[in-house]
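Right, one structure below, let's go through it.
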Amino acid sequence: MPLLYTIKKISKFIFLFSFILIISCTSSSNEIIKNTNEEELLQSYQLKIPDDELKAPSEYSKKLKPVWETWAYLTRDYVERSSLSEDEMTELLINTMMKSLGDQHSNYISPEFFNVENTDMHGKYQGIGASVDMNRSGGIIIVSPFEGSPAKNAGILPGDLILEVNGKSLEGSSLMEAINQIRGPEGTTVDLLVKHLLNQEQELITIRRESIKLESVKLRSEKNSEIAHIRLTNFYPESAKDLSNMINESKNNGAKAILLDLRNNPGGLLSSVIDVTSLFLDKGIVIKEIDGYNREQIWNVRDLNFNKHLNIPIIILINNYSASASEVLTGALKDYNRARVVGETSFGKGSVGILRPLSNGGGISVTIAKWYTPNGNVIHEKGITPDIIMPSQDPSDTTGIQIEAAKNYITNNILD
């Protein structure tokens with residue numbers, strides 16, 4: 001093979017690979033990543049495009065020299081070198097780099113599935129109505145189907161492991177790739193092969209995607225009950241105001257304590273959880289964000305243009321699928337001894353992620369920071385441990401033993 005041809009092939013590959021490698025170092029010099037916008041989803045990713053076009057470095061780490069040597073030898077010596085694909089090699093190398101991080105939320109997204117559209121959390125959106133995440137084994141699981149959603153009505157349960165989408169296995173897929181296969185326009189259907197948490201048998205469930213109205217505050221108790229059982233299913237823009245109004249109404253009807261049910265709540269907007277937390281605190285820290293440069297961003301309690309509830313006793317109920325914003329709220333109120341927490345250790349989703357577009361049309365999702373409670377307790381992969389542990393064998397059961405335990409605690413320790 002002519003030397004010039006080999007050099008051209010190597011140069012093109014080096015540029016593609018170097019493009020990936022310099023993303024992190026470029027962020028530290030030319031483009032400092034801005035602090036999390038309050039309108040971001042805590043369980044989602046925001047697209048970050050560099051201010052300036054990334055340039056391949058004139059020098060690279062000498063430890064990477066074997067990579068270039070291997071490619072050079074392959075293009076020169078391999079018996080079927082004409083079949084070598086730069087695109088396949090590039091994707092394989094990127095995937096290997098991302099998987100070496102051991103972080104299920106940092107992944108490569110191929111051009112086929114890279115989609116920069118963000119879920120609409122400001123009114124309605126179209127889809128199956130469920131929050132998904134990746135477990136520590138790399139499986140795609142349902143954190144929670146939304147109340148009244150097509151997913152819930154079709155039989156999707158918290159903890160369900162999604163094995164296939166429309167007959168295509170999700171093994172090896174990133175979270176974003178899975179999401180882009182599951183979601184779609186209103187009126188279309190999607191087939192999900194799932195394995196339920198308490199049942200080893202697989203079930204094929206067909207779901208018709210719909211336009212889903214976002215509501216999050218529901219009263220579960222009788223209106224004149226001394227214990228107002230209020231279910232908060234998500235954190236949307238109006239959640240704090242709706243919750244405040246619900247508490248006002250409950251107090252006017254004789255409620256003396258609030259049982260705030262966050263089970264299967266997958267999270268939502270950062271601005272919303274700050275407002276909801278601010279309902280119950282006069283001052284203080286809601287959450288701390290610390291990035292890879294050890295820079296700290298603090299989100300504080302703030303004033304609201306509707307009623308706060310600083311004195312009414314609160315019991316928070318969580319389970320293994322209370323995630324993200326649910327953990328922010330629970331962690332803050334627990335740290336300040338503003339609420340007692342009953343149930344199971346929460347999900348442990350406390351990281352901040354961004355999307356970076358790549359020159360091949362794909363992208364990478366990258367964890368850039370982690371959330372900490374006011375007392376400095378990390379949320380990510382740890383979760384919030386309840387004051388009173390009361391497990392449930394069925395994550396779809398939103399009544400039962402945990403509710404009774406919480407109500408008994410309120411009756412015996414607050415209402416007496």
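Test Asn320 against the criterion of being within 19 Å of Arg231 (Cβ to Cβ) and at pLDDT 90 or above, and give yes or no.
Spelling it out, Asn320 is indeed within 19 Å of Arg231 (Cβ to Cβ) and at pLDDT 90 or above.
May I ask you to list the residues in the stretch 318-340 that are outside any loop (DSSP other than H, G, I, E, B) and more than 20 Å from the chain's Cα centre (by Cα)?
Leu333, Lys334, Asp335, Arg340
Going by what's in this entry, would Val194 be described as over 23 Å from Leu161 (Cβ atoms) and either of a type in the set (Val, Ile, Thr) or not assigned by TED's automatic domain parsing to the domain that holds Ser271 (or both)?
no
Is at least one residue of the stretch 375-383 crowded, with 23+ Cβ neighbours inside 10 Å, among the hydrophobic types (A, V, I, L, M, F, W, C) and not in a loop (DSSP other than H, G, I, E, B)?
no
Output the number of the condition that Asn180 fails; it satisfies all remaining conditions of (1) closer than 30 Å to Ala406 by Cα; (2) out of contact with any strand residue (DSSP E or B) (no Cβ under 7 Å at 6 or more places or on another chain).
(1)
Residue check: is Ile274 in contact with an Asp or Glu (Cβ under 8 Å, 6 or more places away or on another chain) and either farther than 27 Å from Ala405 by Cα or buried (at least 22 other Cβ atoms within 10 Å of the Cβ) (or both)?
Yes: the conditions hold for Ile274.
Within the stretch 328-372, track down each residue that is out of contact with any strand residue (DSSP E or B) (no Cβ under 7 Å at 6 or more places or on another chain), touching a residue at least 12 places away in the same chain (Cβ under 8 Å), of a type outside the set (Phe, Trp, Tyr) and over 21 Å from Asn107 (Cβ atoms).
Leu329, Gly331, Asp335, Thr345 - these are the residues of the stretch 328-372 that are out of contact with any strand residue (DSSP E or B) (no Cβ under 7 Å at 6 or more places or on another chain), touching a residue at least 12 places away in the same chain (Cβ under 8 Å), of a type outside the set (Phe, Trp, Tyr) and over 21 Å from Asn107 (Cβ atoms).
Identify all residues within the stretch 81-95 that are touching a Phe, Trp or Tyr at 6+ places or on another chain (Cβ under 9 Å), assigned to a helix (DSSP H, G or I) and without any contact (Cβ under 8 Å) to a residue 40 or more places away in the chain; write none if there are none.
Selection gives Asn95 alone.
Considering only residues that are surrounded by 15 or more Cβ atoms within 10 Å (Cβ to Cβ) and modelled with pLDDT under 90, which ones fall in the stretch 149-172?
The answer is Ser149, Pro158, Gly159.
Of everything in the stretch 107-131 that's modelled with pLDDT of 80 or more, touching a helix residue (DSSP H, G or I) at 6+ places or on another chain (Cβ under 6 Å) and in a loop (DSSP other than H, G, I, E, B), which residue is surrounded by the most Cβ atoms within 10 Å (Cβ to Cβ)?
Ile128
Quick one: would you say Ser169 is among the small types (Gly, Ala, Ser) and under 27 Å from Ile354 (Cα atoms)?
For Ser169, the condition - among the small types (Gly, Ala, Ser) and under 27 Å from Ile354 (Cα atoms) - is met.
I need a count of the residues in the stretch 210-226 that are within 21 Å of the chain's Cα centre (by Cα) and among the basic types (Lys, Arg).
Qualifying residue count for the region: 1.
Which one of Val341, Val366 is under 30 Å from Asp51 (Cβ atoms) and buried (at least 21 other Cβ atoms within 10 Å of the Cβ)?
Val366
The values are calculated or read from the model by the stated rules, or taken from the named source; none is laboratory data. Since we're looking at a predicted model, the values are computed, not measured. A quick note on method: Cβ atoms are made from the backbone with ideal geometry, for glycine too, and the neighbour counts reach across all protein chains shown.
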